[in-house]
């Protein structure tokens, strides 16, 4: 089945993970994405594997390129070269959307800012990803997710501090980038609907800072109302509802139990824990008294869950109607029955022939799993695409000679 953005052409001029991940979502939704890269090495993320910063080495799979760039076509064009700039503008004339993370001064210097692009394509939707937003004194400052999202955006303030009060480091590469990318993809889709209905193209801005604040929105609002600068450290033994907590198994695995309507599930839980006495004990009989005796109740549940392995509890709780789940490792995600059934980790064939599973963007349309193809090699589609746009093979040869294209 065709994706909802089938027939939409997106031109991406961006690097690293934030904005390219937005374009990968648009690929998953059916768009044709042309990634315009500098002939001098292309997206700098391509160099991480050869520099030794990523595992794999020569001939390995550069997963930090494959994940945000799967299914795109690459054009290696030197936009600073006059012939390259004209070639780029020919591509822009065919586009519905332009995505970039270039700073305002760079866009102005290269002649690829809003007015420049709209002169050649008045209907073009322009989406810009930035660290701190398009206005204010720091609009010209760059930003990575570890800085603009995690540190400046307050994410670290909701995680426990490390030893000696040090803030906890970002838990994963591109932690904020992929969330910001989803925001860009959604905003671009809304802009396409607006243009369809009104004929008016939009300029879309998404920043890592704004994404972080949105991610933390309940806590940001509460912080102002109740006067705290970071989320206070919690005590799991003092939680008013023992049915909403984390419990350790005998093999040092962990279970997340989320019984928001705990009375509805309490008797059944106690039976499955082989502790029916907890259901009849006056101190634990309903949610009100469990809240009054929460430490003792949690201690009893700790003892019960700690008496058996995770596998044992998987079987005992298999058809339990309350919400619970084990804390999974990254490798266990590949075997999760829901991950497999829904196609959340589709397989593609990398350039070196390896079969590699990537992560699909989370939205599915018409219950159809996302399929993925490999990321392009630098400049893989430059000549063919420009030729399709009317550039002759002789002109292409001259452009290669002048350094306008790779």
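Values for this structure:
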{"quantity": "Filter result for the condition that a residue is at pLDDT below 95, surrounded by 14 or more Cβ atoms within 10 Å (Cβ to Cβ) and in a loop (DSSP other than H, G, I, E, B), over 169, 143", "calculated": "143"}
{"quantity": "Exclusive hit being under 22 Å from residue 376 (Cα atoms), buried (at least 18 other Cβ atoms within 10 Å of the Cβ) and modelled with pLDDT under 95, set 50, 38", "calculated": "38"}
{"quantity": "All helices (runs of 4 or more DSSP H) inside the stretch 220-336 with 1 or more residues being touching a strand residue (DSSP E or B) at 6+ places or on another chain (Cβ under 6 Å)", "calculated": "294-305, 310-316"}
{"quantity": "For residue 308: the one exception among (1) assigned by TED's automatic domain parsing to the domain that holds residue 183; (2) over 28 Å from the mean Cα position of the chain (by Cα)", "calculated": "(1)"}
{"quantity": "Filtered residues of the stretch 77-131 (kept if without any contact (Cβ under 8 Å) to a residue 12 or more places away in the chain and surrounded by 21 or more Cβ atoms within 10 Å (Cβ to Cβ))", "calculated": "none"}
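The values are calculated or read from the model by the stated rules, or taken from the named source; none is laboratory data. Quick caveat: nothing in here was measured; it's all calculated off a predicted structure. All Cβ positions, even for glycine, are placed from backbone atoms using ideal geometry, and neighbour counts span all protein chains on display.
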